[in-house]
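What follows is one structure encoded as structure tokens, with my remarks underneath.
The values are calculated or read from the model by the stated rules, or taken from the named source; none is laboratory data. The shown structure was predicted, so the numbers you read here are calculated from the model rather than taken from an experiment. Quick reminder, even Gly has a Cβ in these numbers, built from the backbone with ideal geometry, and neighbours come from all protein chains shown.
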Amino acid sequence: MTPDEFDARTSMFPCLQYGMWPSELYLFASACVDAGVTAVVESGVYNGVSTQVLHALFPGQVVSVEYDKSHLPKDFPFPVQIGDGAVLAPRAIARMVMLGVTAIGVLLDGPKSLRARAIKDQCVHDYPAVRVVGIHDHKPGLGFGETSHSWNPAFREAVGRHLDARVPLASREAHPKGPGLALWIR
Ligand SMILES: C[S@@+](CC[C@H](N)C(=O)[O-])C[C@H]1O[C@@H](n2cnc3c(N)ncnc32)[C@H](O)[C@@H]1O
């Protein structure tokens, strides 16, 4: 998937506060496409921007998990499982594997940090079908073992700055490289 293809399929979705940036979603989604991923599990929905983008790219193949549905629009068009991602994300992966899915992407944007890394370690250990894991709001080199990061200068130059032109200026000035997505690929 090229950045332009990604933009064509997702530029209608807004860039909202606390939402992942387009370059970060592109980094995750393009790695999933390259790895042959056919189903995605997402933990951390908030007001649903990343969820809508994932559904635009992997229609009918996204399971989303969130423990606080108060920020979701009342008419949100996609199902969201309510509960702790540490419990529901591995459960969703197990169900996908049971149904015969052999390549799964996992996007963790809540919980964060050590708790996100614990979910990643468990999923990667227990399910060989997990091919790609992204952790949002994660700096490079913090023990996640990432194979790529959205702050990579070559990625920012070639892709990131172009896709993130839609992010409100105040956010770009506050975070010139974006919040940060660490990506692990099996
Ligand atoms: C930054 S927001 C997600 C934004 C969304 N991914 C996007 O890009 O549009 C983080 C969300 O993670 C949720 N969250 C935090 N810990 C969680 C957990 N253990 N299980 C499920 N959701 C959790 C929070 O309630 C919050 O809505």
Those residues that are basic (Lys, Arg) and either within 9 Å of the ligand (Cβ to nearest atom) or closer than 18 Å to Val106 by Cβ (or both), I need them from region 25-81; list them, please.
Lys69
Given (1) within 16 Å of the ligand (Cβ to nearest atom); (2) of a type in the set (Gly, Ala, Ser); (3) closer than 19 Å to Phe13 by Cβ, index of the condition Ala165 fails:
(1)
Which residue is nearest to Met20 (Cα to Cα), if the candidates are limited to region 159-186 and must be loosely packed, with under 13 Cβ neighbours inside 10 Å and in contact (Cβ under 8 Å) with a residue 40 or more places away in the chain?
Pro168
Given (1) assigned to a loop (DSSP other than H, G, I, E, B); (2) modelled with pLDDT of 95 or more; (3) within 16 Å of the ligand (Cβ to nearest atom), index of the condition Val101 fails
(3)
Could you pull out the residue among Asp84, Asp68 that is at pLDDT 95 or above and in contact with a Phe, Trp or Tyr (Cβ under 7 Å, 6 or more places away or on another chain)?
Asp84
Determine whether region 132-140 contains at least one residue that is among the hydrophobic types (A, V, I, L, M, F, W, C) and over 15 Å from the mean Cα position of the chain (by Cα).
no
Exactly one of Ala118, Ala170, Ala154, Ala92 is touching a helix residue (DSSP H, G or I) at 6+ places or on another chain (Cβ under 9 Å) and either modelled with pLDDT of 95 or more or in a helix (DSSP H, G or I) (or both), and that one is Ala118
Ala129 meets each of (1) crowded, with 17+ Cβ neighbours inside 10 Å; (2) touching a residue at least 24 places away in the same chain (Cβ under 8 Å); (3) within 10 Å of the ligand (Cβ to nearest atom) with one exception, condition (3)
Considering residues that are over 12 Å from the mean Cα position of the chain (by Cα) and outside any loop (DSSP other than H, G, I, E, B), the number found within region 40-56 is 1
